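The values are calculated or read from the model by the stated rules, or taken from the named source; none is laboratory data. Just so it is clear, the structure is predicted and the values come from calculations on it, not from any experiment. Because the Cβ atoms are built from the backbone with ideal geometry, glycine has one as well, and the counts that use them run over all protein chains shown. Ligands, DNA and RNA are excluded from the accessible area calculation, which covers all protein heavy atoms including side chains. Shrake-Rupley method; radii C 1.70, N 1.55, O 1.52, S 1.80 Å.
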Amino acid sequence: MQPNEVTDKLPRHLMGLIIEQPYNSYTAQDHAVWRYVMRQNIRFLSKYAHGSYTDGLRKTGISIDTIPHMYGMNRILKEIGWAAVAVDGFIPPAAFMEFQAYNVLVIAADIRPINQIAYTPAPDIIHEAAGHAPIIADPEYAGYLKFFGEIGSKAFSSARDYELYEAIRHLSILKADPYTKNSDICSAEEYLSYLEQSTGEPSEMARIRNLHWWTVEYGLIGDVDNFKIYGAGLLSSIGESMNCIKPKVKKLPYTIDSADFSFDITTQQPQLFVTPDFGHLNTVLNQFADEMALRTGGVKAIKKAEESENTATVELSSGLQISGTFKNSIIRNGKAIYLKTDGPTSLCFENKEISGHGKSYHGHGFGSPVGALQNGLKLQNLSAAEFESHGFKTGSRVNLDFESGIKVSGIFEYTINRKGNTLLLGFSDCTVTLGEEVLFKPEWGMFDMAVGEKITSAYPGPADPDAFDYHFEAPKEFTHKIEHSSKAQYLHALYRKLREARENIHTTMDAEAFTMEILTDFPEEWLLLTELAEYLSDKGMAEDLQMKISNHLEDLKKKDPELERLIVDAMAFMVDYH
């Protein structure tokens, strides 16, 4: 990756997901697939896409004829305050959204195989570069994308969500490999279906991913009877973009209810949602965020943190942030009264770890009461003098009775304050009890008590990722490095030879021999034949060969209805633009 002023701001914990774009691995057939999709997009989407898409193609400098190189894209994207990085297929949703929050477009480096040219369930460079990149040239939409990243990266996933992600990634890898056995794909689809049917109540991440899908990926703008396409999944899928304008696909007004419409990545969508304008997207997203643990806090927040079974941060009203794996916190009468983490924990303020309160010190977990004292004393607001006036003198015993029934009795040792708020109180020889239950014993050492009457927020991940040594690990299963057969390599050489002839890199091609070579050895290779027909037409040569190719393509259309639309569209482009 070539750094720039945008990617330089990325946090370290995202860097492990970035790969070098394997540009030299793209075959001449891959470039032909890119060219076909892009040309069809220009032809079709000039009528049906939001105006910012075609403007964005020009602004982002994306080539129509060849797969773009990330370095070239970044030279142009930086002019609109964005950047692009290559990744290996699907990455964790939280990471994907956090990249967006830093104005970085994540581009899956692979490209779809020819048998998925109209639609692919896997992320690929056509979807990301041709779908997402142009539309972010619109400032209002780019602002929404960044805002979505900021909110989405703070949405809690459930433990089952992580299994679903791995299953979706595995299936997409299998489908992107043209040599995968059908039996392997069927097994992966069955397992994914099983997980989807047994997920229980959807998590915040599952629901906000629905919003992402129905806007960023599959969004329409305007009204239900007169709309334009802006979602990247539609902009990068010939089949789906053509299908979406048909009446059989329901068009519904985009509201927060869209969060409860799940989606199936393996098929085209039965309904789509229409936003009146890009500003409305932010309105709905804010409505959703108001329901998240990020903004609601309270007992809901700690429950979400525990259900995630992963590192999370809970923030108290004092501003203290507790980062760790929350487990077995005590809840009474609808309130969290004692917070517990299991394993390494970090205490922070304003996303910076408090000195001496990192994972090495709190290596076995952290526990503390939260809530109001019976006597109404507001610990988080007391000055040093006020603490002393209430008996908090170093070396003296202090007894605290919480409204929840928790009692703390220990020798006062220290306070930690930030910006006028007390965050922590330290006690030695301390006992913490709830009725007959002992929550902390003197022999366990210093009792570091969090100060805060309520939980104001919770979200996944640590508050200070660097200090926590937190990072997203590269996926265990990599997308397949396609090992092409000798026959496939021969085919790719024919694609390359035609491309070089079209670009005048050499002019020695024997058109008749070349045509017969394809018809004899690769009679099903419709894309190469349509490119050859176009080349011969452009050169005004060999009308008999053009007719032979045309007749052969007609036969292919009759034998395989799925190819009919692809061939018709390829030939229509020749008629319209030549």
Given the criteria part of a helix (DSSP H, G or I), open to solvent by 10 Å² or more (accessible area, probe 1.4 Å) and under 22 Å from K476 (Cα atoms), does F96 qualify? yes
Taking segment 341-363, which residues are touching a Gly at 6+ places or on another chain (Cβ under 7 Å) and buried (at least 20 other Cβ atoms within 10 Å of the Cβ)? T341, P344, T345, S346, F349
Could you grab me the full set of residues in segment 333-362 that are at negative phi and at pLDDT below 95? K335
Flagged in segment 526-565 as closer than 24 Å to V37 by Cβ, of a type outside the set (S, T, Y) and open to solvent by less than 20 Å² (accessible area, probe 1.4 Å), in numbering order, are W526, L527, L528, L529, E531, L532, A533, E534, L536, I549, L553, L556
Taking the conditions exactly as written (without any contact (Cβ under 8 Å) to a residue 24 or more places away in the chain, part of a strand (DSSP E or B) and crowded, with 19+ Cβ neighbours inside 10 Å), does F366 satisfy them or not? no
Subset of segment 290-308, residues out of contact with any Ser or Thr (no Cβ under 7 Å at 6 or more places or on another chain) and within 15 Å of P462 (Cβ to Cβ), comes to A305
Among the residues of segment 196-216, which ones are touching a residue at least 12 places away in the same chain (Cβ under 8 Å) and farther than 30 Å from F147 by Cβ? S198
Can you pull out the residues in segment 236-276 that are more than 30 Å from I67 (Cα to Cα), under 23 Å from the mean Cα position of the chain (by Cα), open to solvent by 60 Å² or more (accessible area, probe 1.4 Å) and not aromatic (F, W, Y)? D257, D260, S262, P270
Condition check: under 15 Å from I229 (Cα atoms) and either among the hydrophobic types (A, V, I, L, M, F, W, C) or over 26 Å from the mean Cα position of the chain (by Cα) (or both). Does R39 satisfy that? no
Going through I185, I151 one at a time, which residue ends up being part of a helix (DSSP H, G or I) and either closer than 19 Å to D110 by Cα or of a type in the set (S, T, N, Q) (or both)? I185
Inspect all residues belonging to segment 97-120 and state whether any of them is modelled with pLDDT under 90, touching a Lys or Arg at 6+ places or on another chain (Cβ under 6 Å) and within 24 Å of E20 (Cα to Cα). yes
Can you tell me which residues in segment 145-192 are surrounded by fewer than 21 Cβ atoms within 10 Å (Cβ to Cβ) and aromatic (F, W, Y)? F147, Y162, Y165, Y179, Y191
Residue check for K393: in a loop (DSSP other than H, G, I, E, B), open to solvent by 60 Å² or more (accessible area, probe 1.4 Å) and closer than 19 Å to D466 by Cβ: no
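So that you can scan it fast, the table gives a plain yes or no per residue for (1) within 34 Å of the chain's Cα centre (by Cα); (2) assigned to a loop (DSSP other than H, G, I, E, B); (3) surrounded by 12 or more Cβ atoms within 10 Å (Cβ to Cβ); (4) in contact (Cβ under 8 Å) with a residue 40 or more places away in the chain:
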{"position": "V438", "(1), (2), (3), (4)": "no, no, no, no"}
{"position": "M449", "(1), (2), (3), (4)": "no, no, yes, yes"}
{"position": "E453", "(1), (2), (3), (4)": "no, yes, yes, yes"}
{"position": "T456", "(1), (2), (3), (4)": "yes, no, yes, yes"}
{"position": "A463", "(1), (2), (3), (4)": "yes, yes, yes, yes"}
{"position": "D466", "(1), (2), (3), (4)": "yes, no, yes, yes"}
{"position": "E473", "(1), (2), (3), (4)": "yes, yes, no, yes"}
{"position": "K476", "(1), (2), (3), (4)": "yes, yes, no, no"}
{"position": "E483", "(1), (2), (3), (4)": "yes, yes, no, yes"}
Give the residue that is nearest to Y165 (Cα to Cα), with candidates limited to residues of segment 57-90 that are among the basic types (K, R) and without any contact (Cβ under 8 Å) to a residue 24 or more places away in the chain. R75
Cβ contacts < 9 Å: first residue under 20 Å from F278 (Cβ atoms) and touching a residue at least 24 places away in the same chain (Cβ under 8 Å), restricted to segment 42-56; second residue open to solvent by 60 Å² or more (accessible area, probe 1.4 Å) and of a type in the set (D, E, K, R), any location; separation 6+ or different chain. Result? Y48/K228; A49/K228; H50/K228; G51/K228; S52/E140; Y53/K228
On the basis of being farther than 27 Å from K303 by Cβ, open to solvent by less than 60 Å² (accessible area, probe 1.4 Å) and in a strand (DSSP E or B), does I411 make the cut? yes
Is there a residue being within 16 Å of A32 (Cβ to Cβ) and over 11 Å from the mean Cα position of the chain (by Cα) anywhere in segment 87-105? no
Under 7 Å between Cβ atoms, which residue pairs at least 6 apart in sequence (or on different chains) link something in segment 99-117 that is in a helix (DSSP H, G or I) with a partner that is among the charged types (D, E, K, R) and surrounded by fewer than 22 Cβ atoms within 10 Å (Cβ to Cβ)? Q100/K146; A101/K146; A101/E150
Collect the residues in segment 404-428 that are hydrophobic (A, V, I, L, M, F, W, C), within 17 Å of Q321 (Cβ to Cβ) and without any contact (Cβ under 8 Å) to a residue 60 or more places away in the chain, keeping them in residue-number order. L425
Within segment 369-376, is there a residue that is more than 34 Å from the chain's Cα centre (by Cα), small (G, A, S) and open to solvent by 60 Å² or more (accessible area, probe 1.4 Å)? no
Scan segment 67-77 and give yes if some residue there is touching a Pro at 6+ places or on another chain (Cβ under 8 Å) and open to solvent by 10 Å² or more (accessible area, probe 1.4 Å), otherwise no. no
